[in-house]
Amino acid sequence: MKVRFSEVAPYAALLAGAAYLYHDTRRFAALGRAGQLGPDFWPKAVLVLLIAVCAIEIVRRVLAAGAAPERAAPRAEAPAQAHDEEPPREWRLLAAGIGLTVLYVPGIEYLGFFLATIVFLAAFMWVGRYRRPRIVAAASIVGSFAFVFVFMKVVYVSLPLGWGPFRVFSAWIMAALGIR
(Lines give C-alpha, C1' and ligand atoms only; values in the text may rest on other atoms or scores of the structure.)
Protein backbone atom coordinates (compact mmCIF):
# COMPACT_ATOMS: atom_id res chain seq x y z
CA MET A 1 0.00 0.00 0.00
CA LYS A 2 2.37 2.60 -1.26
CA VAL A 3 0.81 5.90 -2.29
CA ARG A 4 2.92 8.32 -4.24
CA PHE A 5 3.13 11.69 -2.55
CA SER A 6 2.76 13.39 -5.92
CA GLU A 7 -0.68 11.79 -6.36
CA VAL A 8 -2.23 13.15 -3.17
CA ALA A 9 -0.20 16.32 -2.56
CA PRO A 10 -2.26 18.61 -4.83
CA TYR A 11 -5.49 17.46 -3.21
CA ALA A 12 -4.04 17.82 0.27
CA ALA A 13 -2.83 21.34 -0.55
CA LEU A 14 -6.24 22.32 -1.96
CA LEU A 15 -7.96 20.83 1.07
CA ALA A 16 -5.70 22.75 3.46
CA GLY A 17 -6.19 25.99 1.53
CA ALA A 18 -9.95 25.54 1.41
CA ALA A 19 -10.07 24.81 5.15
CA TYR A 20 -8.08 27.98 5.84
CA LEU A 21 -10.34 30.07 3.62
CA TYR A 22 -13.45 28.51 5.17
CA HIS A 23 -12.17 29.53 8.60
CA ASP A 24 -11.44 33.01 7.21
CA THR A 25 -15.04 33.48 5.98
CA ARG A 26 -16.22 33.94 9.57
CA ARG A 27 -15.53 37.65 9.10
CA PHE A 28 -18.19 37.82 6.37
CA ALA A 29 -20.99 36.67 8.69
CA ALA A 30 -21.01 39.97 10.55
CA LEU A 31 -21.94 41.80 7.35
CA GLY A 32 -25.18 39.85 6.72
CA ARG A 33 -28.77 40.89 7.34
CA ALA A 34 -31.15 38.92 9.52
CA GLY A 35 -33.46 36.62 7.55
CA GLN A 36 -31.33 36.65 4.39
CA LEU A 37 -28.42 34.65 3.11
CA GLY A 38 -25.30 36.35 4.33
CA PRO A 39 -22.27 37.16 2.22
CA ASP A 40 -20.56 34.13 3.75
CA PHE A 41 -23.07 31.57 2.40
CA TRP A 42 -21.81 31.03 -1.16
CA PRO A 43 -18.08 31.10 -0.38
CA LYS A 44 -18.67 28.60 2.42
CA ALA A 45 -20.81 26.39 0.17
CA VAL A 46 -18.14 26.31 -2.54
CA LEU A 47 -15.38 25.67 0.00
CA VAL A 48 -17.32 22.82 1.63
CA LEU A 49 -17.75 21.19 -1.79
CA LEU A 50 -14.05 21.67 -2.55
CA ILE A 51 -13.08 20.14 0.79
CA ALA A 52 -15.39 17.18 0.16
CA VAL A 53 -14.06 16.57 -3.36
CA CYS A 54 -10.45 16.75 -2.17
CA ALA A 55 -11.08 14.40 0.75
CA ILE A 56 -12.88 11.90 -1.49
CA GLU A 57 -10.08 12.00 -4.05
CA ILE A 58 -7.40 11.50 -1.38
CA VAL A 59 -9.27 8.50 0.04
CA ARG A 60 -9.87 7.12 -3.46
CA ARG A 61 -6.19 7.31 -4.36
CA VAL A 62 -5.09 5.77 -1.07
CA LEU A 63 -7.55 2.89 -1.46
CA ALA A 64 -6.61 2.39 -5.12
CA ALA A 65 -2.94 2.16 -4.17
CA GLY A 66 -3.75 -0.49 -1.59
CA ALA A 67 -5.95 -2.52 -3.92
CA ALA A 68 -3.59 -2.77 -6.87
CA PRO A 69 -0.16 -4.15 -6.03
CA GLU A 70 2.65 -2.62 -8.01
CA ARG A 71 4.05 -4.82 -10.72
CA ALA A 72 7.61 -4.80 -11.84
CA ALA A 73 8.08 -3.31 -15.27
CA PRO A 74 8.77 -5.85 -18.00
CA ARG A 75 12.36 -6.02 -19.17
CA ALA A 76 11.58 -5.53 -22.82
CA GLU A 77 9.14 -2.70 -23.41
CA ALA A 78 6.43 -3.51 -25.89
CA PRO A 79 5.79 -0.91 -28.58
CA ALA A 80 3.12 1.57 -27.56
CA GLN A 81 -0.35 0.77 -28.74
CA ALA A 82 -2.19 3.36 -30.82
CA HIS A 83 -4.75 3.88 -28.05
CA ASP A 84 -2.02 4.46 -25.44
CA GLU A 85 -0.54 7.44 -27.25
CA GLU A 86 -1.28 10.89 -25.94
CA PRO A 87 -3.17 13.12 -28.35
CA PRO A 88 -1.14 16.04 -29.69
CA ARG A 89 -1.39 19.21 -27.68
CA GLU A 90 -3.17 22.04 -29.41
CA TRP A 91 -1.37 25.17 -28.20
CA ARG A 92 -3.22 27.42 -30.63
CA LEU A 93 -6.57 26.28 -29.28
CA LEU A 94 -5.36 26.88 -25.73
CA ALA A 95 -4.14 30.36 -26.65
CA ALA A 96 -7.45 31.12 -28.38
CA GLY A 97 -9.39 29.96 -25.31
CA ILE A 98 -7.27 32.14 -23.04
CA GLY A 99 -7.70 35.07 -25.43
CA LEU A 100 -11.48 34.64 -25.45
CA THR A 101 -11.54 34.55 -21.66
CA VAL A 102 -9.44 37.71 -21.44
CA LEU A 103 -11.69 39.51 -23.95
CA TYR A 104 -14.82 38.34 -22.13
CA VAL A 105 -14.14 40.64 -19.17
CA PRO A 106 -14.23 43.96 -21.07
CA GLY A 107 -16.96 42.49 -23.29
CA ILE A 108 -19.21 42.14 -20.24
CA GLU A 109 -18.85 45.83 -19.46
CA TYR A 110 -19.67 46.92 -23.03
CA LEU A 111 -22.25 44.34 -24.18
CA GLY A 112 -23.68 43.47 -20.80
CA PHE A 113 -23.49 40.07 -19.13
CA PHE A 114 -26.22 38.37 -21.17
CA LEU A 115 -24.96 39.22 -24.67
CA ALA A 116 -21.27 38.88 -23.77
CA THR A 117 -21.94 35.43 -22.35
CA ILE A 118 -23.75 34.34 -25.51
CA VAL A 119 -20.83 35.50 -27.64
CA PHE A 120 -18.27 33.95 -25.29
CA LEU A 121 -19.97 30.57 -25.08
CA ALA A 122 -20.48 30.36 -28.85
CA ALA A 123 -16.91 31.43 -29.62
CA PHE A 124 -15.50 29.05 -27.01
CA MET A 125 -17.41 26.11 -28.46
CA TRP A 126 -16.34 27.08 -31.97
CA VAL A 127 -12.68 27.37 -30.92
CA GLY A 128 -13.07 23.98 -29.26
CA ARG A 129 -13.96 22.62 -32.72
CA TYR A 130 -17.63 22.01 -32.14
CA ARG A 131 -19.10 22.78 -35.56
CA ARG A 132 -22.86 22.45 -35.31
CA PRO A 133 -24.09 26.04 -35.61
CA ARG A 134 -27.65 25.40 -34.44
CA ILE A 135 -26.51 23.55 -31.35
CA VAL A 136 -23.81 26.13 -30.61
CA ALA A 137 -26.38 28.94 -30.90
CA ALA A 138 -28.97 27.13 -28.79
CA ALA A 139 -26.48 26.13 -26.10
CA SER A 140 -25.08 29.67 -25.95
CA ILE A 141 -28.48 31.30 -25.59
CA VAL A 142 -29.85 28.77 -23.11
CA GLY A 143 -26.58 28.85 -21.16
CA SER A 144 -26.62 32.63 -20.97
CA PHE A 145 -30.24 32.64 -19.77
CA ALA A 146 -29.34 30.02 -17.17
CA PHE A 147 -26.37 32.03 -15.90
CA VAL A 148 -28.39 35.25 -15.68
CA PHE A 149 -31.20 33.46 -13.85
CA VAL A 150 -28.90 31.72 -11.36
CA PHE A 151 -26.71 34.74 -10.66
CA MET A 152 -29.54 37.25 -10.34
CA LYS A 153 -32.42 35.21 -8.92
CA VAL A 154 -30.61 32.61 -6.81
CA VAL A 155 -27.27 34.12 -5.82
CA TYR A 156 -28.44 37.77 -5.91
CA VAL A 157 -25.44 39.08 -7.83
CA SER A 158 -25.80 42.33 -9.73
CA LEU A 159 -24.53 41.84 -13.28
CA PRO A 160 -23.30 44.52 -15.70
CA LEU A 161 -25.98 45.67 -18.14
CA GLY A 162 -23.69 47.12 -20.80
CA TRP A 163 -23.75 50.49 -22.57
CA GLY A 164 -26.28 52.18 -24.80
CA PRO A 165 -28.62 49.85 -26.70
CA PHE A 166 -27.04 46.84 -25.00
CA ARG A 167 -28.15 48.24 -21.63
CA VAL A 168 -31.74 48.56 -22.90
CA PHE A 169 -31.64 44.99 -24.24
CA SER A 170 -30.23 43.66 -20.94
CA ALA A 171 -32.99 45.44 -19.00
CA TRP A 172 -35.57 43.89 -21.33
CA ILE A 173 -34.11 40.39 -20.75
CA MET A 174 -34.15 40.91 -16.98
CA ALA A 175 -37.77 42.04 -17.12
CA ALA A 176 -38.67 38.98 -19.19
CA LEU A 177 -37.08 36.79 -16.50
CA GLY A 178 -38.91 38.66 -13.73
CA ILE A 179 -35.76 40.25 -12.33
CA ARG A 180 -35.99 43.80 -10.98
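The values are calculated or read from the model by the stated rules, or taken from the named source; none is laboratory data. Remember, it's a predicted structure, so these values are computed and weren't measured experimentally. So basically every Cβ, Gly included, is an ideal-geometry build from the backbone, and we count neighbours across all protein chains shown.
For the reader, a short list of remarks on this structure follows.
Let's see how each residue does on (1) at pLDDT 95 or above; (2) among the aromatic types (F, W, Y); (3) part of a loop (DSSP other than H, G, I, E, B); (4) assigned by TED's automatic domain parsing to the domain that holds A171:
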position: G38; (1), (2), (3), (4): no, no, yes, no
position: K44; (1), (2), (3), (4): no, no, no, no
position: L47; (1), (2), (3), (4): no, no, no, no
position: A55; (1), (2), (3), (4): yes, no, no, no
position: A72; (1), (2), (3), (4): no, no, yes, no
position: A78; (1), (2), (3), (4): no, no, yes, no
position: V119; (1), (2), (3), (4): yes, no, no, yes
position: M125; (1), (2), (3), (4): yes, no, no, yes
position: R131; (1), (2), (3), (4): no, no, yes, yes
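- A residue that is farther than 27 Å from D40 by Cα and touching a residue at least 40 places away in the same chain (Cβ under 8 Å) occurs nowhere in segment 132-148.
- Only one of G143, G66, G97 that is modelled with pLDDT of 95 or more and either surrounded by 11 or more Cβ atoms within 10 Å (Cβ to Cβ) or in a helix (DSSP H, G or I) (or both): G143
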